[in-house]
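**Q** Let me begin by handing over the structure; questions about it come next.
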Amino acid sequence: MCGIVGYVGSRQATPILIAGLRKLEYRGYDSAGVSVWNDGTSRVVRCRGKLQGLEDKLVKEPAPGMIGIGHTRWATHGRPSDENAHPHKAGSVSVIHNGIIENHMALRQELAAAGAKFSSETDTELFAHLIDRQMQAGAPDLTTAVRKALAKVTGAYAFVVMSDKEPGTLVAAKNSSPMVVGLGDGENFIASDVTAILAETRKMIFVDEGDLITVTKSSVTITDFDGKPRHREPKTITWSAVQAEKGGFKHYMLKEIHEQPRSVADTLVGRIDLENDTALLDGVDLDVSKIKRIIFIACGTSFHASLVGEHLVEALARIPVEVDLASEFRYRDPIVGPGDLVVAVSQSGETADTMSAVREAKGKGAMVLAISNVVESSIPRLADYAFYTHAGPEIGVASTKAFTTQLIAMALLAINLGRKNGKLSRERARVLLAALTALPQKMTDIVEQGAQLQVLARRYGAAKGFLFLGRGSQHPIALEGALKLKEISYIHAEGYAAGEMKHGPIALIDENLPVVVLVPRGPHYDKAASNLAEVRARQGKVLAIATRGDTEIGNIADDVIMVPDTALELQPVLTVLPLQLLAYYVADFKGNDVDQPRNLAKSVTVE
Ligand code: AGP
């Protein structure tokens, strides 16, 4: 998630831009830059790395002026570098951008054919060229030029644009990525987040989807992309600065749980090919005929995601899959080599055990694909291929949005491979692609059930232990639900294959042991329901996660959380959400430091 700040007024812009970007640092970034107009032209100063580097550069290359834009970049297209840092300038036009231009390949070809020369690998630079061409073609003003350029762009974006030909004007456009306009006295602000400008003003306009905003120091005009006026009522923000960083949520973890519909939608952008009924992997072109076996290696939550990946790949591509804990794989002299595709799954891309496992696999001749949330982090750089989730920076130590976007990445991988080797029919792929597209809305329905989970967290939160049970691809979700609970509430919890209950764990069951049973619609329903009945017969308390419309489950469980139905293979993306919320509210009621749980680090870079 990139950080965006714009300013137009009567004060020097650069200090305001830098101060705003500093407030966004917590979100994570890999480069930063500003473009400030003064005396006829805008000067762009950019720097890979942290804001301090940009400030140092600005001492040597000052950027005076009273209108400007600033950006902190979280790389999605193009590695972190000075050249790829925003703002991007083409001709008279400077642009900063948060989001993904889906049709960037076609635009790049079209612009190159028209003679455009590019200075970066980014999709954002293309938008600057599109606008500059409109200005050169005689657009009457910057707003019109941006409007015409927008007509050629598809994807998720928040753009802010400035032109040397119209100093004093900022033009912004929003489609999916967050944006807010701050109203000052003889000055106005634009930002991707309230936090960036809260020190300057509390009067904000929350821009909406499809808004095109023209901002000067004395006016804010909003239309739709066709030019039809839109009215947005300003709001006065009462949050503290700390609350604002968390988007009004009490903890980053809760904010990130609620961000999951967005991060799943972002991870799908540009990767669903309805023309050929397949999934695209950003140019990762695996020769499926050379893949005899797939081995997922990962740690923690990423390991649980990999266990779901096993179900997805075996079901959709019929390729044999193994899943290994990275910390075990690297020490057991594994039998791996050519013909094996090792998939290293790591949110941070820096986990030491996973890194070492990748080295081990490469040393034995296996091909390695990394699935990570951090572009150009160590593990993707070490791998032969990299495929990124677009969850944005995950601040909470307990992984939530990274996990669900990893499941999406694996579904895309499985569909891509299954279509390539013919094991997945065009018809079934079409159904799955439609189901993927429908997930964000279904996820929103679930995360908005927080109040119900709060009640259950209070009811069960005093328990000394929990058992989580699941079958099939719900078994990894049981493991993940147990991990979430124990790592932030410090209550012991165990995830178990429901079929294994009678082989031991059933001895644990009594009235003091809450048992969470994942029992969505599907081939395992009857067996999971009978496991649930076994628990109740021994006075165990059962909290069932079931599919909306199930009229039976209420008769055999103490409490039920319903989730919308979806394709069987994608159910884990939905059933994990109530478990994340349950863990969060139990930990919050205990007064724990949910975002920084004791003894834990966000990225385990030591062995
Ligand atoms: C998950 O909630 C934990 N924070 C932890 O298990 C984490 O998933 C694990 O350390 C792996 O991290 P990675 O995905 O960055 O490699």
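Readers should treat all values here as calculations from the given coordinates under stated rules, not as data from a laboratory. Because the structure is predicted, anything quoted here is derived from the model rather than measured. Cβ coordinates were reconstructed from backbone atoms using ideal geometry, including for glycine residues, and neighbour counts include every protein chain displayed.
**Q** Which pairs, out of Lys364/Lys420; Lys174/Lys442; Lys246/Lys442; Lys174/Lys228, put more than 18 Å between their alpha-carbon atoms?
**A** Details: Lys364/Lys420 26 Å; Lys174/Lys442 23 Å; Lys246/Lys442 23 Å; Lys174/Lys228 15 Å.
Where the Cα-Cα span goes over 18 Å, the pairs concerned are Lys364/Lys420; Lys174/Lys442; Lys246/Lys442.
**Q** Right, here's the next one. Return the whole-Å distance between the Cα centroid of segment 89-118 and the Cα centroid of segment 485-527.
**A** A separation of 52 Å, based on Cα centres.
**Q** Taking each pair of distinct Cα atoms in segment 556-595 once, what is the resulting Kirkwood hydrodynamic radius in Å?
**A** Working: mean 1/r = 0.0837 Å⁻¹.
Radius from the Kirkwood sum: 11.9 Å.
**Q** In whole percent, what relative contact order does the chain give with Cα contacts below 8 Å and a gap of six or more residues? Write down the numbers at each step before the final one.
**A** Working: 1389 pairs, mean separation 65.2, N = 607.
Once normalised by length, the contact order is 11 percent.
**Q** In percent, how large is the relative contact order of segment 396-513, given Cα pairs closer than 8 Å and 6 or more residues apart? Present the calculation step by step, with values, prior to reporting the outcome.
**A** Numbers: 80 pairs, mean separation 23.8, N = 118.
This gives 20 percent for segment 396-513.
**Q** For Lys464, list the lysines whose Cα falls under 21 Å from its own Cα; do not include residues on the same chain fewer than 8 positions away.
**A** Within reach: Lys484, Lys486, Lys541, Lys590.
**Q** Under a Cβ-Cβ cut-off of 13 Å, what is the net charge of the residues other than Phe589 that fall near it, where Lys and Arg count +1 and Asp and Glu count -1?
**A** On the way: positive: Lys250, Arg458, Arg459, Lys590; negative: Asp588.
Residues near Phe589 contribute +3 overall.
**Q** Right, another one. When all C-alpha to C-alpha distances in the chain are sorted into bins of 10 Å, what percent of pairs does each bin hold, rounded to whole numbers?
**A** It works out to 3, 17, 25, 25, 18, 9, 3, 0, 0, in whole percents.
**Q** On to the next question. Using a cut-off of under 17 Å, list every residue of segment 306-342 whose amide N is near the label point 7 Å from the Cα of Asn592 along the Cα-to-beta-carbon line.
**A** none
**Q** Applying the Karplus parametrisation 6.51 cos²θ - 1.76 cosθ + 1.60 with θ = phi - 60° to the phi angles of segment 437-442, what ³J(HN,Hα) value in whole Hz is obtained for each residue in order, glycine and proline being reported as x?
**A** Those phi angles translate into 4, 7, 4, x, 5, 5 Hz.
**Q** Over segment 290-369, what relative contact order in percent results from Cα pairs under 8 Å that are six or more residues apart? Let's see the in-between values first.
**A** Numbers: 138 pairs, mean separation 30.1, N = 80.
Once divided by the residue count of segment 290-369, the mean separation gives 38 percent.
**Q** What is the distance in Å between the Cα centroid of segment 378-433 and that of segment 215-253?
**A** Segment 378-433 and segment 215-253 have Cα centres separated by 33 Å.
**Q** Treating the angle as unsigned and between 0 and 90°, give the value, to the nearest 10°, between the Cα long axis of helix 571-589 and the longest Cα principal axis of the chain.
**A** Its long axis makes an angle of about 90 degrees.
**Q** Can you list residues whose amide H is under 5 Å from Gly155's amide H, if they're 5+ apart or on another chain and H is modeled 1.01 Å from N?
**A** For Gly155, the qualifying residues are Glu102.
**Q** Rounded to the nearest 5, what % of DSSP beta bridges with both residues in the chain are antiparallel?
**A** The antiparallel fraction comes to roughly 60 percent.
**Q** What angle do you read, to the nearest 10 degrees and between 0 and 90, between the alpha-carbon axis of helix 300-317 and the longest principal axis of the chain?
**A** Roughly 80 degrees, rounded to the nearest 10.
**Q** Quick one: check the C-alpha center-to-center distance for segment 15-61 versus segment 322-352, whole angstrom.
**A** Cα centres, segment 15-61 to segment 322-352: 39 Å.
**Q** Still on this structure: Which of the lysines could a cross-linker bridge to Lys50, judged by Cα under 17 Å and excluding same-chain residues fewer than eight apart?
**A** Correct list for Lys50: Lys23, Lys60.
**Q** Please work out the Cα convex hull volume for segment 235-390 and give it in Å³ per residue. Walk me through the numbers before you get to the answer.
**A** Details: hull volume 21.8 nm³, N = 156.
Hull volume over Cα atoms, normalised by residue count, gives 140 Å³.
**Q** Would you please state the base-10 log of I(q)/I(0) at q = 0.12, 0.22 1/Å for segment 86-214, with intensities from the Debye formula using one equal scatterer on every alpha carbon?
**A** -0.44, -1.33
**Q** At 20 °C and 1.002 mPa s, what whole-number value in µm²/s does Stokes-Einstein give for the translational diffusion of segment 463-607, with Rh from the Kirkwood sum over Cα pairs? Kindly include the intermediate steps, with their values, before the conclusion.
**A** On the way: Rh = 15.4 Å.
It comes out at roughly 139 µm²/s.
**Q** Restricting the calculation to Cα positions, tell me the Rg (one decimal) and the Dmax (whole number) of segment 13-112 in Å.
**A** 13.7, 39
**Q** Tell me which residues come under 5 Å, amide H to amide H, from Asp211 once H is placed; ignore anything under 5 positions away on its chain.
**A** Close amide H contacts, sequence-distant or interchain: Lys174.
**Q** Separate question: What order, most packed first, do the peptides 32-43, 317-328 have when packing is the mean number of other Cβ atoms within 10 Å of each residue?
**A** Values: 32-43: 21.7, 317-328: 18.8.
Descending packing order for the listed peptides: 32-43, 317-328.
**Q** May I ask for the percentage of alpha-carbon pairs in segment 443-489 that lie more than 18 Å from each other? Walk me through the numbers on the way to the answer.
**A** Details: 467 of 1081 pairs.
Counting pairs separated by more than 18 Å, the tail of P(r) holds 43 percent.
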